[in-house]
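Taking it in order: structure first as structure tokens, then the write-up.
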Amino acid sequence: MLVHGDNITQKENNVAPNSKEEQLLKEIRQKYNEWKLANINLKGPVADTSDRDRDIAIIEARTRLFNDYKDFIDKQIYAETFDSRSNLHSSVLEEFVYYLFRDLVASISTNALIGKSHAYKDIFYSSSSFTEMVAKPSFHIEKKDHDFVIGVDITANFKCRGVGDVQAETLQIPAVAIECKTYLDKTMLEGASNAAAQLYVVNPNALYIVLSEWLKLTNDINLRKYKVDQIYILRKQKNTDRKYRFLPTYVKNPIYTDVVIHLFETVRHHLTTEWNDSNAAGLARGYLL
């Protein structure tokens with residue numbers, strides 16, 4: 001669940017002693033521990049919507065903590081030592097999303113799935129013959145990695161009728177899936193759209209969100225054709241190559257609290273209201289979709 005902290009630990013376990021990287025990781029570790037502890041000590045928001053001012057104040061506090069830590073770790077010395085392939089910087093957003101929704105999910109169910117997920121995508125059979133097919137459930141579960149999920153773990157035992165062979169599987173089914181990006185370009189959006197379409201087949205009531213710091217799309221892109229429920233650009237800013245962000249003239253927008261509030265309230269509404277998508281409910285209305 002603490003994917004950024006795990007990333008730091010992995011680097012600490014593999015860094016050369018007395019190296020520049022080791023010293024920088026010590027600095028990052030200290031700042032990270034402060035950020036993590038502050039978020040753990042900060043409680044909420046939860047499912048109860050009776051005090052919106054309180055909820056906004058908590059989200060504002062979490063966003064300030066995120067901005068402070070992100071500004072620290074995005075410094076040139078850290079960005080150039082640990083490049084994008086290391087996922088050090090990108091994993092910060094994933095952990096922030098966990099802190100944002102942790103108490104909300106816990107207030108609904110302590111058994112819910114939350115965090116990075118290998119979610120159920122599809123099932124296919126691979127029996128070598130019909131004789132084998134009727135004797136044991138020879139199938140494979142295809143899974144899809146998601147940056148962040150709120151959902152459920154379902155444990156299932158499969159067996160063929162009249163035969164004792166059992167295949168046990170655990171299926172992770174998202175109610176909410178969030179794809180976290182440093183910047184969003186067309187290729188990434190197309191990939192997210194495909195992942196969302198696959199998710200809706202498994203759970204038609206799922207909510208699929210793309211969350212990014214910067215935007216790398218032109219006005220020629222028709223967003224309506226992509227199968228995602230919402231796209232959030234946290235800095236309300238176009239993407240600039242990282243090398244230009246270190247220039248004295250570059251102005252980096254902060255993570256905007258109003259965007260985070262909208263994200264949180266969208267997810268909370270989805271998790272705390274009836275979905276009512278049955279054909280019977282649609283028939284009562286007179287319109288099915």
- Item | Heavy-atom accessible area per residue - the chain, 1.4 Å, Å² | 55 Å²
- Local charge sum around Ile178 (other residues, Cβ-Cβ under 14 Å, Lys/Arg +1, Asp/Glu -1)? -2
- With every protein chain kept in place and a 1.4 Å probe, the residues Ile255, Ile154 fall, from largest accessible area down, as Ile154, Ile255
- Message: Show me, for segment 126-132, the HN-Hα J-couplings you get by feeding each phi into the Karplus relation (A = 6.51, B = -1.76, C = 1.60, θ = phi - 60°), rounded to Hz, glycine and proline as x.
- Response: 9, 5, 7, 6, 5, 4, 5
- Message: Can you work out the Karplus-derived ³J(HN,Hα) for every residue in segment 38-54? Use 6.51 cos²θ - 1.76 cosθ + 1.60 with θ = phi - 60°, whole Hz, and x for glycine or proline.
- Response: 4, 6, 5, 6, 8, 9, x, x, 10, 6, 5, 10, 6, 10, 5, 4, 4
- Sequence-distant or interchain residues sharing an amide H contact under 5 Å with Phe139, placed H: which? Ser126
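Percent relative contact order of the chain, based on C-alpha pairs within less than 8 angstrom and at least six residues apart?
14 percent
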- Item | Overall dimensions of the chain by Cα: Rg and Dmax, Å | 21.8, 73
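Using helices alone, what [θ] at 222 nm do you get for the chain, with -39,500 (n - 2.57) per DSSP H run of 4 or more residues, divided over all residues and rounded to the nearest 500?
Taking each H run of at least 4 residues, the total per residue is -14000 deg cm²/dmol.
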- Message: How would segment 167-269 be classified by its alpha-carbon gyration tensor: rounded, prolate or oblate, with rounded meaning a/c under 1.5 and the a/b versus b/c comparison settling the rest?
- Response: prolate
- Note on the structure: Residues other than Lys144 with Cβ under 13 Å of its Cβ, Lys/Arg counted +1 and Asp/Glu -1, net out at -2
- Task: Quick one: among Tyr183, Tyr232, Tyr125, which has the greatest mean-square fluctuation in a GNM of the chain with alpha-carbon springs under 10 angstrom?
- Result: Tyr125
- Item | Near-label residues of segment 222-245 by backbone N, under 14 Å of a point 7 Å along Cα→Cβ of His269 | 229-231
- Task: Would you please give the residues with an amide H less than 5 Å from that of Ala47, counting only those at least 5 places away or on a separate chain, with H modeled from the backbone geometry?
- Result: Ser107
- Message: Can you tell me the length gained on complete extension of the stretch His140 to Ile123, counting 0.36 nm per residue apart and subtracting the Cα distance?
- Response: 5.5 nm
- Between Leu171 and residues 5 or more places away or on another chain, the pairs with built amide H atoms under 5 Å apart involve Ile154, Thr155, Ala156
- Proximal aspartates and glutamates relative to Lys143, as straight alpha-carbon distance under 15 Å, when same-chain residues fewer than 8 apart are discounted: Asp122, Asp153, Glu169
- Message: For a Förster distance of 25 Å, can you work out the FRET efficiency between the beta-carbons of Tyr200 and Asn157, rounded to the nearest 0.05?
- Response: 0.40
- Measure out, as a whole number of angstrom, how far apart the alpha-carbon centroids of segment 118-167 and segment 1-43 sit. 38 Å
- Message: Cut-off under 16 Å on the C-alpha distance; same-chain residues fewer than 8 positions from Lys238 excluded. Which lysines are left, in chain and number order?
- Response: Lys181, Lys186, Lys216, Lys252
- Could you work out the local net charge near Asp55, counting Lys and Arg as +1, Asp and Glu as -1, over the other residues with Cβ closer than 12 Å to its Cβ? -1
- Query: Tell me, what ³J(HN,Hα) does each residue in segment 163-175 have, in order and in whole Hz, if you take phi through Karplus 6.51 cos²θ - 1.76 cosθ + 1.60 with θ = phi - 60° and put x for Gly and Pro?
  - Reply: 10, x, 5, 10, 10, 8, 9, 10, 10, 9, 10, x, 8
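Determine by what factor the alpha-carbon radius of gyration of segment 207-252 differs from 2.2 N^0.38 Å, reporting the quotient.
So the Cα radius of gyration is 1.38 times the expected 2.2 N^0.38 Å.
The values are calculated or read from the model by the stated rules, or taken from the named source; none is laboratory data. Keep in mind that this is a model prediction, so the values were computed, not measured. Positions of Cβ are backbone-derived with ideal geometry, glycine not excepted, and every protein chain shown enters the neighbour counts. To get the accessible areas, we keep the full protein, side chains included, count just its heavy atoms, and leave off ligands, DNA and RNA. Shrake-Rupley method; radii C 1.70, N 1.55, O 1.52, S 1.80 Å.
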